[in-house]
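Each remark here refers to the structure printed beneath this line.
Each value in this text was obtained by applying a stated rule to the coordinates, not by laboratory testing. On a predicted model such as this, the values are computed, not experimentally measured, just so you know. Note that each Cβ is placed from the backbone with ideal geometry, even for glycine, and that neighbours are counted across all protein chains shown.
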Amino acid sequence: MRHLGAAAGLVLAGCLVALAHAQDYRPPSTYVEREAWQEQAEVEPPAYPSEDRLIEFQVGNVATNRYFIDGGTISVGSDGVVRYVLVVLTGGGATNVSFEGINCASREWKHYASGRSDKTWSKSRAARAEWRLIENKPINPHHAFLYRYFFCPVNNAIRNADEGRDALRRGKHPNAG
């Protein structure tokens, strides 16, 4: 009986030592910290838009403006940003041309340059070249439409320019809600 008590004591002591070591044990982490996102260093405007490459897209049922993307300017950068040239024909007859980008991961857009009447670009000043949250508002809702229905279906950037052009021609990306 005496040996049984001693054996039980040793087992108990062993369990306590194992428990103490188990409390110090931390399994290896499976969490991998992402590197901070960085935008491409220098983003230059593409060629000025060409009328034969313009693809019209709809922005709601009551829009008075007409919206076009120059299909030849769509690109998906190594930073995940979808860049494109937007042409807006206003109800009053004005034409606005801009080179822009959408960061699908953060739901933001950026204005890189404005088109001039002589078909050259005027780069945005630093204050205007900041990323802005895409909001679905009645005034200028086109960024929300581009984000949701064409370039960022299910909050993910399109894979390439062909996918973006296809979505515009169809009137909506097949994965868009």
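Dipole magnitude for region 87-148: computed about the Cα centre from +1 point charges on Lys and Arg Cβ and -1 point charges on Asp and Glu Cβ, it is near 80 debye. For residue 123, a cut-off of 19 angstrom between C-alpha atoms picks up these lysines, skipping any fewer than 8 places away in its own chain: 110.
Around residue 154, what is the net charge, scoring Lys/Arg as +1 and Asp/Glu as -1 over all other residues with Cβ under 14 Å from its Cβ? List each step's numbers first, then the result.
Working: positive: 107, 148, 159, 172; negative: 163.
Value of the local net charge: +3.
State the extension gain, in nm to one decimal, for the chain segment bounded by residue 56 and residue 40, taking 0.36 nm per residue of separation less the distance between their alpha-carbons. Please list the in-between numbers first.
On the way: separation 16, 0.36 × 16 = 5.76 nm, distance 2.78 nm.
Value of the extension gain: 3.0 nm.
With K and R counted +1 and D and E -1, the other residues having a Cβ less than 13 Å from that of residue 134 yield a net charge of +2.
Dividing the alpha-carbon radius of gyration of region 51-170 by 2.2 N^0.38 Å (N being the number of residues), what value is obtained?
Values: Rg = 13.5 Å, N = 120, 2.2 N^0.38 = 13.6 Å.
Dividing the Cα radius of gyration by 2.2 N^0.38 Å gives 0.99.
When each of 133, 146, 86 is scored by the number of other beta-carbon atoms lying within 10 Å, the sequence from fewest to most is 133, 86, 146.
Within the same chain, aspartates and glutamates fewer than 8 places from residue 172 are excluded, and of the rest, those with a Cα less than 18 Å from its Cα are 56, 70, 162, 163.
Between residue 118 and residue 155, the FRET efficiency estimated from the beta carbon spacing at R0 = 35 angstrom works out to 0.35. When 112, 147 are arranged by Cβ crowding within 10 Å, least crowded first, meaning fewest neighbours, the order is 112, 147.
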